[in-house]
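Student: Got a structure here, written out as structure tokens. Questions coming.
Read the figures in this text as sums done on the coordinates, not as results from a lab. Treat the numbers as computed from the prediction; the structure is a model and nothing was measured. Every residue, glycine as well, gets a Cβ built from its backbone with ideal geometry; the counts of neighbours run over all protein chains shown.
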Amino acid sequence: MNTKEIMALSDKYVMHTYGRLGLAPVRGHGARLWDADGNQYLDFVGGLAVDSLGHCHPAVVGAVQAQAGTLLHVSNLYYIEQQARLAQLLAQNSCCDRVFFCNSGAEANEAAIKLARKYAKQKYGPEKCQFITAENSFHGRTLATITATGQPKYQQGFEPLPEGFKYVPFNDLEALGEAIGPHTAAVLLEPVQGEGGVHVADPAYLAGARRLCDQHGVLLIFDEVQCGLGRTGRFLAYQHFGVEPDIITLAKALGGGFPIGAMLAKEDVAAAFSPGDHASTFGGNPLACAAGLAAMNATLGGAVENCVRVGAYLKEKLVALQNKYHFIREVRGLGLLLGMELAGEGAVYVKRCQERGLLINCIAGNVLRFIPPLTIAEADVDRAVEILDTALAM
Ligand SMILES: *Cc1c(COP(=O)(O)O)cnc(C)c1O
């Protein structure tokens, strides 16, 4: 099928929950994508931070192919070797001790919300059940996670929302201090807000949040669904800040393109869950975990170092563009999670770049986001910045 045919079929039969761009990718390799009409693109969207190893990373493809021919799925009624090994790898590379597997970021946050409530109620009593999250955060699209998400546009029309959530401005320690009370079970934050516009936490904010949580018997949950797994130049973003959370949520890049999510917790917190308290039919199945093991081994085996080097290189080039165009307000971010805030709307630049073979995306209306593979080469960054420069100059 060509692009036009795919678009027509999709528009007729698929539910209209996405505002799609007129592009139908059919093949990918590394940082490159090809559409149904044979056009080639440099991909700085990367499946929205999923394709951190580039498209069709050979280790992930090989692991999926081998596992697909051996055992696709069995129930969590049984022990699953790949699941145990992926949990070990995540525990050994984080401050957490145990892992619950699911299929998406929203589910990972749902699991974190349930675990934090169970823990807090068991330890302090039934009233300790509330959550504090940040404005402009993003935590997913289930009812509980749109409620956790501090952006009214994701909640409107879906009321009544679950109770027990309040919001504070991000990076405002005083506001957090005022919001925490005896009924607070947990504070949920992204160390780098992704969807909300690429906002990096101040180190003093996260350190202060940790201190407040400890003083009030409150759990600190970091949503690293987007910023985790090498994206910021550390395996986990919290490692930049020297602040350890009690619970971490992961998804996006975890399976190298295969859907899988995870919720990690420290031993004493994880102990609040007993058999039967939480479950997922697909969560952590052999195929997903084989993909996850291959993806995480490749991430830890060199992709993070490349991200540090090329991330600094890209940021420098974006800052050079900021010096050239007065309407670029700010360039910010860590590693290869970078944002360029414009004075006006960003959608027109996304379109111009796409027409010239570069895929980027725009969030919060005026922030161009750059999330290429962690494995990307400097030469591809040069090419992308050239195209972006042309698009900005028009
Ligand atoms: C994408 C994202 C989610 C939701 O993940 P899904 O897999 O779409 O459910 C949650 N938190 C953050 C920070 C995200 O970027």
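Student: For the chain, modelled as a GNM with alpha-carbon contacts under 10 angstrom, which of 180, 260, 221 fluctuates the most?
Tutor: 180
Student: With springs only between Cα atoms under 10 Å apart, run a GNM on the chain and tell me which of 138, 100, 241 wobbles the most.
Tutor: Top of the fluctuation ranking is 241.
Student: For residue 329, what residues show an amide H to amide H distance below 5 Å, using hydrogens built from the backbone and excluding near sequence neighbours?
Tutor: Amide H neighbours of residue 329: 341, 342, 343.
Student: OK, next. Modelled label-to-label distance, residue 377 and residue 77, 7 Å Cα→beta-carbon offset: nm?
Tutor: 5.1 nm
Student: Can you figure out the FRET efficiency of residue 394 with residue 65, using R₀ = 45 Å and their beta-carbon distance, to the nearest 0.05?
Tutor: On the way: r = 44 Å, r/R0 = 0.98.
After rounding, the FRET efficiency stands at 0.55.
Student: Normalised by the residues of region 1-154, what does the relative contact order come to in percent, with Cα pairs under 8 Å and at least six apart?
Tutor: On the way: 121 pairs, mean separation 16.3, N = 154.
Relative contact order, region 1-154: 11 percent.
Student: Could you name the lysines in cross-link range of residue 4, using Cα to Cα under 19 Å and dropping any fewer than eight places away on the same chain?
Tutor: Within the straight-line limit of under 19 Å, residue 4 reaches these lysines: 12, 351.
Student: Here's a follow-up. Normalising by the residue count of the chain, find the relative contact order in percent from Cα pairs under 8 Å and 6+ residues apart.
Tutor: On the way: 806 pairs, mean separation 85.9, N = 394.
Taking the mean separation of contacting Cα pairs over the length of the chain, I get 22 percent.
Student: What residues of region 1-15 lie in the reach of a label at residue 39, counting those whose backbone N is under 19 Å from a point 7 Å from the Cα along Cα→Cβ?
Tutor: 1-11
Student: Let me ask another. Given 20 °C and 1.002 mPa s, compute D for the chain with the Stokes-Einstein relation, Rh being the Kirkwood radius over Cα pairs; round to the nearest whole µm²/s.
Tutor: Numbers: Rh = 21.6 Å.
Once the numbers are plugged in, D ends up at 99 µm²/s.
Student: Also, I was wondering about something else. So how tilted is helix 378-393 from the main axis of the chain? Cα-based, degrees 0 to 90, rounded to 10.
Tutor: 70 degrees
Student: Here's something else I'd like to know. Would you please classify the overall shape of region 339-394 from the alpha carbon gyration tensor, given that a ≥ b ≥ c denote the square roots of the eigenvalues, rounded means a/c under 1.5, and beyond that prolate means a/b larger than b/c while oblate covers the rest?
Tutor: Here region 339-394 falls in the oblate category.
Student: Relative contact order, percent, of region 152-270 when contacts are C-alpha pairs under 8 Å separated by at least 6 residues? Walk me through the numbers before you get to the answer.
Tutor: Numbers: 160 pairs, mean separation 22.5, N = 119.
It comes to 19 percent, rounded to a whole number.
Student: Can you pull the Rg over Rh of region 102-146, Cα-only, Kirkwood?
Tutor: Values: Rg = 11.5 Å, Rh = 11.3 Å.
That ratio equals 1.02.
Student: Roughly speaking, what is the centre-to-centre gap between region 216-292 and region 339-385 when only Cα atoms are used, to the nearest Å?
Tutor: If you average the Cα positions of each part, the centres end up 28 Å apart.
Student: Can you work out ³J(HN,Hα) from phi for every residue in region 101-108, in order, using Karplus 6.51 cos²θ - 1.76 cosθ + 1.60 and θ = phi - 60°, giving whole Hz and x for Gly and Pro?
Tutor: Values per residue, Gly and Pro as x: 9, 9, 10, 6, x, 4, 5, 5 Hz.
Student: In the structure shown, do any of 166/252; 123/252; 166/324; 123/153; 166/315; 123/166 have a Cα-Cα gap over 30 Å, and if so which?
Tutor: Numbers: 166/252 26 Å; 123/252 32 Å; 166/324 41 Å; 123/153 35 Å; 166/315 34 Å; 123/166 22 Å.
Pairs exceeding 30 Å: 123/252; 166/324; 123/153; 166/315.
Student: Would you grab the residues whose amide H sits under 5 Å from the one on residue 165? Only those 5+ places off in sequence or on another chain, please, with H modelled 1.01 Å from N.
Tutor: 131
Student: Just round it to a whole percent: the fraction of Cα-Cα distances in region 125-251 exceeding 17 Å. Please list the in-between numbers first.
Tutor: On the way: 4330 of 8001 pairs.
The share of Cα pairs beyond 17 Å in region 125-251 comes to 54 percent.
Student: Run the helix sum for the chain: -39,500 (n - 2.57) per DSSP H stretch of 4+ residues, divided by residue count, reported at 222 nm to the nearest 500 deg cm²/dmol.
Tutor: Details: 13 runs with 148 residues, N = 394.
When only DSSP H runs of four or more count, the value is -11500 deg cm²/dmol.
Student: Expressed as an acute angle from 0 to 90° and rounded to the nearest 10, what is the orientation of the C-alpha long axis of helix 304-324 relative to the principal long axis of the chain?
Tutor: Approximately 60 degrees, to the nearest 10.
Student: Here's another thing I want to ask about it. Viscosity 1.567 mPa s, temperature 4 °C: what is the translational diffusion coefficient of region 176-270 from Stokes-Einstein with a Kirkwood Rh over Cα pairs, rounded to a whole number of µm²/s? Could you put the intermediate results ahead of the total?
Tutor: Numbers: Rh = 13.8 Å.
Stokes-Einstein gives a translational diffusion coefficient of 94 µm²/s.
Student: Let me ask something else. Between residue 274 and residue 141, take the C-beta separation as r, use R0 = 25 Å, and let me know the FRET efficiency to the nearest 0.05. Spell out each step's value before the answer.
Tutor: Numbers: r = 28 Å, r/R0 = 1.13.
For residue 274 and residue 141, the calculated efficiency is 0.30.
Student: Computed FRET efficiency, Cβ-Cβ of residue 175 and residue 321, R0 35 Å: what is it to the nearest 0.05?
Tutor: On the way: r = 34 Å, r/R0 = 0.96.
Approximately 0.55, to the nearest 0.05.
Student: Name the residue, out of 304, 74, 218, whose mean-square fluctuation peaks in a Gaussian network model built on the chain with Cα pairs under 10 Å.
Tutor: 74
Student: Shifting gears a bit: Would you be so kind as to identify which of 185, 253, 323 lies farthest towards the positive end of the dipole of the chain, taking Lys and Arg as +1 and Asp and Glu as -1 on Cβ and the Cα centre as origin?
Tutor: Going by the charge dipole, the pick is 253.
Student: Does a label point 7 Å from the Cα of residue 84, set along Cα-to-beta-carbon, have any residues of region 52-77 with amide nitrogen under 15 Å, and which are they?
Tutor: Residues passing the 15 Å test: 76-77.
Student: For residue 102, which sequence-distant residues (separation of 5 or more, or a different chain) have an amide H within less than 5 Å of its own amide H, given hydrogens modelled in the peptide plane?
Tutor: Here 261, 262, 263, 284 satisfy the definition.
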